[in-house]
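J.: The structure's right below; bear with me while I get my questions together.
The values are calculated or read from the model by the stated rules, or taken from the named source; none is laboratory data. On a predicted model such as this, the values are computed, not experimentally measured, just so you know. For neighbour counting, all protein chains shown are included, and Cβ atoms are generated from backbone atoms with ideal geometry for every residue, glycine included.
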Amino acid sequence: MTTLPLPGTDDDVRPRRISRRATGADAVFEHASRAVGASVLVVTGGVGLFLAWQAYPTLDRYGWSFFTETQWQPEADVVGIAAVLAGTASVALVAMAFAFPLALLTALYISEYAPARLRSTLVSLVDLMAAIPSIVYGLWGFSLVMPHAAELALWLHRNLGWIPLFDVRGSDPDAAVWDASRYTASAFCAGIAVAAMVMPMSCAVMRQVFSQTPPGEKEAALALGSTRWGMIRTVVLPFGRGGIIGGTMLGLGRALGETIAVFLIVSPAFELKWNVLEIGTSTVSALIAGRFGEASDAQLSALLAAGFVLFLITLVVNTLAAVVVGRSRSGAGTDA
Amino acid sequence: MTATLPPEAPTDQATTPAVPAVPAVPAPLTHLPTYDEDAAPAVPRASLGRLSPDEKFSRLGPWAAALGLSWLLTQQLLPLAGPAWFVVVWFGLGLALTATTAAMSGGSTEVRDRLAEALVTGGAVVVAGVLVTTVYDVVSQGWRPLTHLNFFLDDMAGVGPKDSFDRGGVAHAVVGSLIELGIALVITLPLGIGTAVFMTEVGGRFATLVRTVVEAMTALPSIVAGLFVYTVLIRALGYPRSGLAAALAIAVMMLPIIARAADVVLRVVPSGLREASLALGASRWRTVWCVVLPTARPGLATAVILGVARGIGETSPVLLTSGAAAFLVADPSEGAMNSLPLYIFSLVRSGEPTAITRAYGAAAVLLGLVLLLFVVARLLARPRGTRPSLRTRLVTRLRQAPSISQENR
């Protein structure tokens, strides 16, 4: 039998004092985890600050010419990243031109068209593709894709050569025997390998967002007589817009920093040009990978400055991606 | 619904004679539509359920027709020989024939629907092709060294680039990769997960700062992480290139990735669980240790293992920091050490055909290692606890078997 305590009978029982301050094990836990957080902050923030600190002398010495000079000849005291920045951008843009449609279509296929039984397998396969090391994609691009990419480049040059983007200087597209070497080792070939690398990443983000589409809205569209494509166009794509943009930009951030696949494929050239199909280009990361070994201290500082600029660019791209995903309606559903 | 006329309506009518006269008696403005239950639907719609044999045929038929037509066009009639043109023309013709078939039975809506379905499926097939050709390329070019047992057991000490495959192997690279990754993991695992716990469970203004910086540092390109360690440890402090330096470079690269992924996983732990535990009188530490972390365990395992897969395959930080030894090195602090990606990279750059084949063999090993990690991640990530173990289920089933069979029949 239970009895209700009557008010006023136990005068000595006071309400216990409520305090939000952690005591005992909690205080240890709180301070320990704060220490871990602080140490990680010091380590990661330290890397960024160190890069900025090391980059400063170079930026101070060369000023704006560091961004406008195309040549990288530290022995002649001529150092600039205009050409490698343009090369980085062209490789990344070629990569996104291939990766964006494929990632979008694959994400739509997995979330909307694939049979329900296959879906989880397909999701695992895309994750597996994201985990494949970039050097394997580099080998794939180097040995399997490059010959075919060269033929595609020739075809583009022959038929769309009047667009400066597809022009290849020093080669006649209608020659009886085409000069294959002018079309290989280009930003185009490297871009395809990088596309294979970043595509699964963008695809995973897009699929994640598509799968959060409210089923009620999808069913409402279907109930109003929409076809499946009509439902995707009016419900899934608008809902997932944030995910599409965010996933693409995450992929772009990764594509900008990719080293090995690019380094294996392109033949280095320091030239500011539009011709993505033409042999020779260079990216910031390939520049670092190629030049760090014989660099003196001043040259190392210049390389660190280039790396710092690359880091800032990827940082801006990633931050924009995070903002877009966070602002959109699709980002709101992740916090259960 | 009846509309009441505004009193000034007649004056409006007088000033604007173009407006038709408003009837004095308000007519019913709305009416219920009448349905003819037996009439065919105005626009026939494809069903959303399982496809009927007719529909299946009208979806697959165009592709079969396009296959034959494409073979005829590219291989027999037009000068477009080669498998690439064949596939491209097949896809284009397939789309055209799909559109034609859809237009025969429906309107433009159906055509667009059918075309979108074909395009989306085609995109997925291209991606599957990328995966298959990647694996095929590596295995088909690198299977020869894999057939020799010494490839897995030996190192490259005293083996030249032209030596045949019954000498030398990747053992030193595998061991180096595992040691470097192990050290990196020992550093990043407690720090990464601890930071995630701090960001989600303790919170506060400082945690927001940490989260901002960690998220920013996930943008750090791996080569810049390598360059950082190279500059600090090897150039400024004068240590030799070693496995330890490579492990530190990998750790610098992996730490923000793992911390951020773990943060995302911990954030989706339902707060109801946390509050229930706190309401039962558990301390915050017990709540984190006994409720939050076990709930998030599958997600955490996936986050960590995907970070590991990224770390094991990343070449650029290792390229700058570890140096390449041709022999087995077990001590990470003692001089140069090889690892799988670096081994592949240096062999491919050598340009010797035998060495390149060896590199493909090593790439196959690396691919197998990543696949293994991935399968382990999937097994760990399977939700456990929601379902009782097999033994418990069998025991309960056996005990309840008579009663269930009586109830059901």
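J.: Of the residues in segment B:127-160, how many are out of contact with any Lys or Arg (no Cβ under 8 Å at 6 or more places or on another chain) and part of a loop (DSSP other than H, G, I, E, B)?
T.: Matching residues across segment B:127-160 total 8.
J.: Restricting to segment B:57-83, give me the number of residues that are part of a helix (DSSP H, G or I) and surrounded by fewer than 13 Cβ atoms within 10 Å (Cβ to Cβ).
T.: Of segment B:57-83, the ones part of a helix (DSSP H, G or I) are B:57-77, B:83.
Now drop any that are not surrounded by fewer than 13 Cβ atoms within 10 Å (Cβ to Cβ), which leaves B:60, B:64, B:68, B:72, B:76-77, B:83.
So the answer is 7.
J.: Shifting gears a bit: Going by the structure shown, is B:LEU51 surrounded by 10 or more Cβ atoms within 10 Å (Cβ to Cβ), over 36 Å from the mean Cα position of the chain (by Cα) and either at pLDDT 65 or above or not basic (Lys, Arg) (or both)? First the steps, then the outcome.
T.: Numbers: surrounded by 10 or more Cβ atoms within 10 Å (Cβ to Cβ): yes; over 36 Å from the mean Cα position of the chain (by Cα): no; either at pLDDT 65 or above or not basic (Lys, Arg) (or both): yes.
Against the criterion (surrounded by 10 or more Cβ atoms within 10 Å (Cβ to Cβ), over 36 Å from the mean Cα position of the chain (by Cα) and either at pLDDT 65 or above or not basic (Lys, Arg) (or both)), B:LEU51 does not qualify.
J.: State whether one or more residues within segment A:202-211 are out of contact with any strand residue (DSSP E or B) (no Cβ under 6 Å at 6 or more places or on another chain), free of Cβ contacts under 8 Å to residues at least 12 places away in the same chain and over 30 Å from B:SER346 (Cβ atoms).
T.: Initial filter on segment A:202-211 (out of contact with any strand residue (DSSP E or B) (no Cβ under 6 Å at 6 or more places or on another chain)): A:202-211.
With free of Cβ contacts under 8 Å to residues at least 12 places away in the same chain added as a condition, the list becomes none.
There is no residue in segment A:202-211 that is out of contact with any strand residue (DSSP E or B) (no Cβ under 6 Å at 6 or more places or on another chain), free of Cβ contacts under 8 Å to residues at least 12 places away in the same chain and over 30 Å from B:SER346 (Cβ atoms).
J.: Being on the phi < 0 side of the Ramachandran plot, surrounded by fewer than 17 Cβ atoms within 10 Å (Cβ to Cβ) and in a helix (DSSP H, G or I) narrows it down to one of B:THR212, B:THR200, so name that one.
T.: Working: B:THR200 fails: surrounded by fewer than 17 Cβ atoms within 10 Å (Cβ to Cβ).
Just one listed residue meets the conditions, B:THR212.
J.: Can B:ASP166 be described as outside the structural domain of B:THR287 (by TED's automatic domain parsing) and without any contact (Cβ under 8 Å) to a residue 24 or more places away in the chain?
T.: Details: outside the structural domain of B:THR287 (by TED's automatic domain parsing): yes; without any contact (Cβ under 8 Å) to a residue 24 or more places away in the chain: yes.
Criteria met by B:ASP166.
J.: Give me the residue from segment A:205-230 that is over 29 Å from the mean Cα position of the chain (by Cα) and either among the hydrophobic types (A, V, I, L, M, F, W, C) or not in a helix (DSSP H, G or I) (or both) and, out of that set, nearest to the other protein chains (Cβ to nearest Cβ). Before the answer, list the steps.
T.: Quick first cut of segment A:205-230, residues over 29 Å from the mean Cα position of the chain (by Cα) only: A:215-228, A:230.
Narrowing the set further to residues that are either among the hydrophobic types (A, V, I, L, M, F, W, C) or not in a helix (DSSP H, G or I) (or both) leaves A:220-227.
Details: A:ALA220: 13, A:ALA221: 11, A:LEU222: 6, A:ALA223: 10, A:LEU224: 11, A:GLY225: 6, A:SER226: 9, A:THR227: 4 Å.
The qualifying residue nearest to the other protein chains (Cβ to nearest Cβ) is A:THR227.
J.: Looking only at segment B:266-291, which residues are within 12 Å of chain A (Cβ to nearest Cβ) and under 31 Å from the mean Cα position of the chain (by Cα)? Before you say what the answer is, go through the steps one by one.
T.: Pass one, segment B:266-291, residues within 12 Å of chain A (Cβ to nearest Cβ): B:266-273, B:278, B:282-289.
Across segment B:266-291, the qualifying residues are B:LEU266, B:ARG267, B:VAL268, B:VAL269, B:PRO270, B:SER271, B:GLY272, B:LEU273, B:VAL288, B:TRP289.
J.: Further question on the same structure: crowded, with 22+ Cβ neighbours inside 10 Å, part of a helix (DSSP H, G or I) and within 13 Å of chain B (Cβ to nearest Cβ): does that describe A:LEU41? Break it down stepwise before answering.
T.: On the way: crowded, with 22+ Cβ neighbours inside 10 Å: no; part of a helix (DSSP H, G or I): yes; within 13 Å of chain B (Cβ to nearest Cβ): yes.
So A:LEU41 fails the test.
J.: What's the number of the condition B:SER346 fails, among (1) within 12 Å of chain A (Cβ to nearest Cβ); (2) under 27 Å from B:THR195 (Cα atoms); (3) assigned to a helix (DSSP H, G or I)?
T.: All conditions are met except number (2).
J.: Given (1) of a type in the set (A, V, I, L, M); (2) closer than 21 Å to A:LEU152 by Cα; (3) over 29 Å from the mean Cα position of the chain (by Cα), identify the lone condition not met by B:VAL127.
T.: (3)
J.: Oh, and also: Give the residues of segment A:111-136 that are in contact (Cβ under 8 Å) with a residue 40 or more places away in the chain and more than 7 Å from chain B (Cβ to nearest Cβ), sorted by residue number.
T.: Those that are in contact (Cβ under 8 Å) with a residue 40 or more places away in the chain and more than 7 Å from chain B (Cβ to nearest Cβ): A:SER111, A:GLU112, A:VAL123, A:VAL126, A:ASP127, A:ALA130.
J.: Would you please name the residue that is farthest from the other protein chains (Cβ to nearest Cβ), looking only at residues in segment B:183-220 that are closer than 22 Å to B:ALA309 by Cβ and free of Cβ contacts under 8 Å to residues at least 24 places away in the same chain? So that I can check it myself, show each step before the final result.
T.: Step one: list which residues in segment B:183-220 are closer than 22 Å to B:ALA309 by Cβ, which gives B:183-196, B:214-215, B:217-220.
With free of Cβ contacts under 8 Å to residues at least 24 places away in the same chain added as a condition, the list becomes B:186, B:190, B:194, B:219.
Working: B:VAL186: 14, B:PRO190: 7, B:GLY194: 4, B:ALA219: 4 Å.
Ranking the qualifying residues of segment B:183-220, first place goes to B:VAL186.
J.: Also: Identify all residues within segment A:55-67 that are over 25 Å from the mean Cα position of the chain (by Cα) and either loosely packed, with under 15 Cβ neighbours inside 10 Å or over 24 Å from A:ALA86 (Cβ atoms) (or both); write none if there are none.
T.: Hits for segment A:55-67 are A:TYR56, A:PRO57, A:ASP60, A:GLY63, A:TRP64, A:SER65.
J.: Filter segment B:84-124 down to residues that are surrounded by 17 or more Cβ atoms within 10 Å (Cβ to Cβ), hydrophobic (A, V, I, L, M, F, W, C) and at the interface with chain A (Cβ under 8 Å from one of its Cβ atoms) and give me whichever is farthest from B:LYS56 (Cα to Cα).
T.: B:ALA124
J.: A follow-up question, please. Quick check on my filter: what residues within segment A:272-300 are in contact with a Lys or Arg (Cβ under 9 Å, 6 or more places away or on another chain) and in a helix (DSSP H, G or I)?
T.: Residues satisfying the conditions are A:ASP297, A:ALA298, A:GLN299, A:LEU300.
J.: Of the residues A:SER90, A:SER65, which is in contact with a strand residue (DSSP E or B) (Cβ under 9 Å, 6 or more places away or on another chain), of a type in the set (Ser, Thr, Tyr) and on the phi < 0 side of the Ramachandran plot? Can you show your working first?
T.: On the way: A:SER90 fails: in contact with a strand residue (DSSP E or B) (Cβ under 9 Å, 6 or more places away or on another chain).
Step by step, each of A:SER90, A:SER65 is checked, and only A:SER65 is in contact with a strand residue (DSSP E or B) (Cβ under 9 Å, 6 or more places away or on another chain), of a type in the set (Ser, Thr, Tyr) and on the phi < 0 side of the Ramachandran plot.
J.: In addition: Are any residues in segment B:126-141 surrounded by 15 or more Cβ atoms within 10 Å (Cβ to Cβ) and either out of contact with any helix residue (DSSP H, G or I) (no Cβ under 9 Å at 6 or more places or on another chain) or more than 9 Å from every other protein chain (Cβ to nearest Cβ) (or both), and if so, which ones?
T.: Within segment B:126-141, the first condition is being surrounded by 15 or more Cβ atoms within 10 Å (Cβ to Cβ), and the residues that meet it are B:126-128, B:130-131, B:133-135, B:137-139, B:141.
Of everything in segment B:126-141, just one residue is surrounded by 15 or more Cβ atoms within 10 Å (Cβ to Cβ) and either out of contact with any helix residue (DSSP H, G or I) (no Cβ under 9 Å at 6 or more places or on another chain) or more than 9 Å from every other protein chain (Cβ to nearest Cβ) (or both), namely B:VAL139.
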